[in-house]
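The values are calculated or read from the model by the stated rules, or taken from the named source; none is laboratory data. The structure presented is a predicted model; accordingly, all values stated were derived computationally and were not measured. Reconstructed Cβ throughout: ideal geometry from the backbone, glycine too, with neighbour counts over all protein chains shown. All accessible areas refer to the heavy atoms of the entire protein, side chains included, with ligands and DNA or RNA removed. Shrake-Rupley method; radii C 1.70, N 1.55, O 1.52, S 1.80 Å.
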Amino acid sequence: MSGVQLFNQASFLISAAKLTQLPEDAGKEVAFVGRSNSGKSSAINAITSIKGLARTSKTPGRTQLMNCFALDDHSRLVDLPGYGFAKVPQSERERWRHFINDYLAHRVCLSGLVLLMDVRHPLKDSDQAMIDWAVAYNVPLLLLLTKADKLKRGALKEAERSVKAACPQDNISVLLFSALQGVGIEEARDKLRDWLS
Ligand SMILES: Nc1nc2c(ncn2[C@@H]2O[C@H](COP(=O)(O)OP(=O)(O)O)[C@@H](O)[C@H]2O)c(=O)[nH]1
Ligand SMILES: [Mg+2]
């Protein structure tokens with residue numbers, strides 16, 4: 001199987017407010033995470049080639065649910081709630097931290113984590129915390145440097161180089177990505193297909 005096959009079969013499964021509401025912990029799952037407005041929904045739509053599958057929004061911080069999408073009988077994509085949005089109260093952030101930490105620590109079917117960062121502002125504290133957790137729980141990571149259409153070639157290369165230098169671990173990959181211009185989409189699919197197979 002190659003290209004968009006498998007991904008373009010994605011269909012909405014369930015929105016979970018807590019871990020117990022997630023589908024049975026079987027098969028394989030790839031989760032997407034990132035700061036609000038990092039381009040998570042746009043990336044899911046681009047990878048599946050289904051417009052509007054994960055809603056994109058100009059109002060960040062609205063999705064506090066885990067949205068699950070089925071690809072086939074044993075593989076799923078999960079859109080985790082965004083983080084790092086200033087208007088979210090501290091108590092809500094703490095709740096979020098527990099939720100995500102629990103998910104990463106206990107979800108057996110979790111086969112890989114896609115962490116999205118705006119290429120112009122990578123490796124914020126909240127991103128670094130997420131990377132540290134993924135490393136601690138031994139979850140393979142794909143770092144997508146999103147909105148690559150916003151920078152010139154030299155600045156892109158520099159951003160990619162510095163993120164790679166900061167994350168030298170074997171099971172962390174880094175990709176420049178633009179949902180708008182179709183940059184990195186095929187490579188991202190390859191990595192996900194590898195994790196889900
Ligand atoms: N220029 C550009 N803008 C993007 C890209 N991906 C997302 N955006 C914009 O960034 C904003 C947030 O995107 P969204 O996918 O909703 O982010 P999310 O909050 O992480 O799910 C929206 O206004 C998108 O149109 C991209 O590749 N290039
Ligand atoms: Mg979103």
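Tabulated data for the structure shown
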| item | result |
| --- | --- |
| Residue in segment 167-186 that is farther than 21 Å from residue 79 by Cα and open to solvent by less than 30 Å² (accessible area, probe 1.4 Å) present | yes |
| Residue satisfying all of: in segment 82-93; surrounded by 19 or more Cβ atoms within 10 Å (Cβ to Cβ) and more than 16 Å from residue 15 (Cβ to Cβ); modelled with the highest pLDDT among these | 83 |
| Complete set of residues in segment 111-137 that are hydrophobic (A, V, I, L, M, F, W, C) and either assigned to a helix (DSSP H, G or I) or farther than 21 Å from residue 177 by Cβ (or both) | 129, 130, 131, 133, 134, 135, 136 |
| Test result for residue 117, modelled with pLDDT under 95, crowded, with 20+ Cβ neighbours inside 10 Å and of a type outside the set (Lys, Arg) | no |
| Residues located in segment 94-109, provided they are open to solvent by 20 Å² or more (accessible area, probe 1.4 Å) and either free of Cβ contacts under 8 Å to residues at least 12 places away in the same chain or not basic (Lys, Arg) (or both) | 94, 95, 96, 97, 98, 99, 101, 102, 105, 106, 108 |
| Considering residues of segment 44-81 that are more than 13 Å from residue 14 (Cα to Cα) and charged (D, E, K, R) only, the residue modelled with the lowest pLDDT | 62 |
